[in-house]
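Asks: Handing you a structure now.
The values are calculated or read from the model by the stated rules, or taken from the named source; none is laboratory data. The structure presented is a predicted model; accordingly, all values stated were derived computationally and were not measured. Methodologically, a virtual Cβ is constructed for each residue, glycine included, from the backbone with ideal geometry; neighbour enumeration extends over all protein chains shown.
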Amino acid sequence: MLAAIRAVLVRELIKMFRQKSRLLSAMVRPLIWLFVIGGGIGSLIDSATPGQYQRDIVPGIIGMTILFGSMLSSLSTVYDKESGIMRMMIVAPIPTYWIVACKMLASTVAGSVQAALVCVLLLLLGFLSPAIMLNPSFLLAVGLTALACAALGMVTSALSDSLDNFASIMNFVIFPVFFLSGALYPVRDLPAPLLLVSRLNPFSYGVDLMKRAVDSGGMASDFGVALSVGVLVGFSLLALVFSSWRLHQEARQARLFNLAGGRSR
């Protein structure tokens with residue numbers, strides 16, 4: 001059992017590290033947002049400290065890296081579904097939830113690794129300090145946020161029948177999730193309908209944990225620590241259960257169709 005689980009996990013990680021272009025884009029995209037978007041909006045905000053807005057959105061920039069990295073890593077699940085590999089995994093003598101958990105763990109590691117690379121760049125640029133990067137609360141925030149984003153990506157993959165379908169769903173999900181998370185502004189100042197959506201958004205709680213850990217002084221956190229941790233863990237568990245059920249149902253239906261097709265011939 002452990003050997004099979006380790007094989008699934010190692011396979012996912014090898015696929016990630018072979019895609020050098022993904023790692024490169026993971027480092028370039030946050031810098032564009034930090035200097036172009038952050039610099040542009042920051043120039044419109046009156047502040048006694050130049051560059052304060054850019055420092056304020058550093059937790060959101062790290063969160064964006066995790067969100068894109070973890071969700072794009074879940075794309076491999078759709079590849080496996082199209083090629084039939086996922087069906088073979090599910091019919092293997094391994095519980096479906098273990099396979100889904102391994103894929104979620106691999107996506108969590110992928111998002112965390114990309115976040116670590118971006119943190120090194122932010123350290124060199126003076127936006128982060130070594131003390132913050134090694135702070136246990138910051139590491140916890142990164143890990144839980146990556147786990148929740150991986151869970152969101154797994155749900156998207158479980159609901160997608162093809163790569164095109166995955167891309168459509170992801171584009172519909174990923175940008176609202178990011179913009180309504182408090183990554184670029186405090187969610188408490190949003191209108192009531194958008195504030196409700198932000199509170200239902202699990203990514204908001206991951207960004208909030210990172211705000212507390214980084215503490216730039218300009219953008220206060222919106223939620224309590226216990227609430228944020230509970231929402232991130234609870235959402236990840238619910239996503240694990242739903243994705244396992246969905247993939248198991250798809251494999252079961254495929255077997256029934258195959259049996260029906262064989263009998264008709």
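Asks: Do we find that residue 107 is more than 21 Å from residue 211 (Cβ to Cβ), in contact (Cβ under 8 Å) with a residue 24 or more places away in the chain, surrounded by 21 or more Cβ atoms within 10 Å (Cβ to Cβ) and touching a Ser or Thr at 6+ places or on another chain (Cβ under 7 Å) in this structure?
Replies: Answer is yes for this residue.
Asks: Name the single residue, out of those in region 18-34 being under 17 Å from the mean Cα position of the chain (by Cα) and at pLDDT 85 or above, that is surrounded by the fewest Cβ atoms within 10 Å (Cβ to Cβ). Before you say what the answer is, go through the steps one by one.
Replies: To start, the set of residues in region 18-34 that are under 17 Å from the mean Cα position of the chain (by Cα) comprises 22-23, 25-27, 29-30.
Checking which are at pLDDT 85 or above leaves us with 29-30.
On the way: 29: 17, 30: 26.
Residue satisfying both the conditions and the ranking: 29.
Asks: Still on this structure, I have one more. Can you report the number of residues in region 163-194 which are outside any helix (DSSP H, G or I) and hydroxyl-bearing (Ser, Thr, Tyr)?
Replies: Filtering region 163-194 down to residues outside any helix (DSSP H, G or I) leaves 180-186, 190-191.
From the residues that got through so far, the ones that are hydroxyl-bearing (Ser, Thr, Tyr) too are 181, 185.
Number satisfying all stated conditions: 2.
Asks: Taking region 57-81, which residues are closer than 15 Å to residue 149 by Cβ and of a type in the set (Phe, Trp, Tyr)?
Replies: 68, the sole residue that qualifies.
Asks: Is one or more of the residues making up region 76-87 more than 24 Å from residue 168 (Cβ to Cβ) and aromatic (Phe, Trp, Tyr)? Show your work before the answer.
Replies: Step one: filter region 76-87 for residues more than 24 Å from residue 168 (Cβ to Cβ), giving none.
No - not one qualifying residue is present in region 76-87.
Asks: Considering (1) touching a residue at least 60 places away in the same chain (Cβ under 8 Å); (2) surrounded by 19 or more Cβ atoms within 10 Å (Cβ to Cβ), say which one residue 65 fails and leave the rest.
Replies: All conditions pass for residue 65, except number (1).
Asks: Do we find a residue being buried (at least 23 other Cβ atoms within 10 Å of the Cβ) and hydrophobic (A, V, I, L, M, F, W, C) anywhere in region 37-57?
Replies: yes
Asks: Can you name every residue in region 146-155 that is surrounded by 24 or more Cβ atoms within 10 Å (Cβ to Cβ) and either in contact with a Gly (Cβ under 7 Å, 6 or more places away or on another chain) or farther than 14 Å from residue 232 by Cβ (or both)?
Replies: 146, 148, 149, 150, 153, 154
Asks: Quick check on region 80-98. Is at least one of its residues among the basic types (Lys, Arg), within 23 Å of residue 20 (Cα to Cα) and in contact (Cβ under 8 Å) with a residue 12 or more places away in the chain? So that I can check it myself, show each step before the final result.
Replies: Here is the first cut: in region 80-98, the ones among the basic types (Lys, Arg) are 81, 87.
From the residues that got through so far, the ones that are within 23 Å of residue 20 (Cα to Cα) too are none.
Checked against the condition, which is being among the basic types (Lys, Arg), within 23 Å of residue 20 (Cα to Cα) and in contact (Cβ under 8 Å) with a residue 12 or more places away in the chain, region 80-98 yields no hits at all.
Asks: Going through region 158-182 one residue at a time, which ones are hydroxyl-bearing (Ser, Thr, Tyr), over 23 Å from residue 194 (Cα atoms) and modelled with pLDDT of 80 or more? Talk me through it step by step, then tell me what you get.
Replies: So in region 158-182, the residues hydroxyl-bearing (Ser, Thr, Tyr) come out as 160, 162, 168, 181.
Those left that are additionally over 23 Å from residue 194 (Cα atoms): 160, 162.
Within region 158-182, just 160 meets the criteria.
Asks: Also, I was wondering about something else. Provide a single number: the residues in region 146-202 that are of a type in the set (S, T, N, Q) and within 19 Å of residue 63 (Cβ to Cβ). Spell out the reasoning first.
Replies: We begin by selecting, within region 146-202, every residue of a type in the set (S, T, N, Q); these are 156-157, 160, 162, 165, 168, 171, 181, 198, 201.
Then drop every residue that is not within 19 Å of residue 63 (Cβ to Cβ), which leaves 156, 171, 181, 198, 201.
Residues meeting the conditions: 5.
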